[in-house]
Amino acid sequence: METSAANSPGAQANRSQQRRIALRRAAIEADGSALKRTAEFTDGSTKTVALKWSDITRVVAFQSVEPGAALIYMIFTDPSNAVVLDDKMDGFEPMVASLDARLSGAPPSSQWRNRVTHEPTQVNFTRVFARSPE
């Protein structure tokens, strides 16, 4: 009987020694120049991603459909990044409230939020913003 490399005793030992790193906390900052998400992980590391408002090309929103975890998610993209934010992150609501002032053409949240949350058993992807190609 052959043993594949993935199931060898050495590979199994490596998997059991691997650290599980999870997101501990994330915070959102939205200032006049950029949207920033700072993530703190359980291994003590921190990572910040910043997207300049002028570089954001698309924003979509949707609600999770998992029982007991109805979160609103937003995905912001620029030419190099896709950043996922959710409504449990510090700073989410102030960021949402300022989107129409930061992204020309983005509607106020009152115009898109109901489309995202009206049917809790379906994922309703809603385009919040799309920059026209120049």
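Read the figures in this text as sums done on the coordinates, not as results from a lab. Not measured: the values here are computed from a predicted model. All Cβ positions, glycine included, derive from the backbone under ideal geometry; neighbour counts span all protein chains shown.
Values for this structure:
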item	result
Gaussian network model of the chain, springs between alpha carbon atoms under 10 Å - residue of ARG37, ARG19, ARG58 with greatest fluctuation	ARG19
For PHE62, PHE41, order by how many other beta-carbon atoms lie within 10 Å, fewest first	PHE41, PHE62
For the chain, built as a Gaussian network whose Cα springs stay under 10 Å, the top-fluctuating residue of ASP87, ASP55, ASP43	ASP43
Residue among LEU23, LEU35, LEU103 with the largest mean-square fluctuation in a Gaussian network model of the chain, springs linking Cα atoms under 10 Å	LEU23
Loop-located trypsin sites (Lys or Arg not before Pro) in region 80-121, at most 16 other Cβ atoms within 10 Å (DSSP)	LYS88
For region 20-130: relative contact order, % (alpha-carbon pairs under 8 angstrom, 6 or more apart)	26 percent
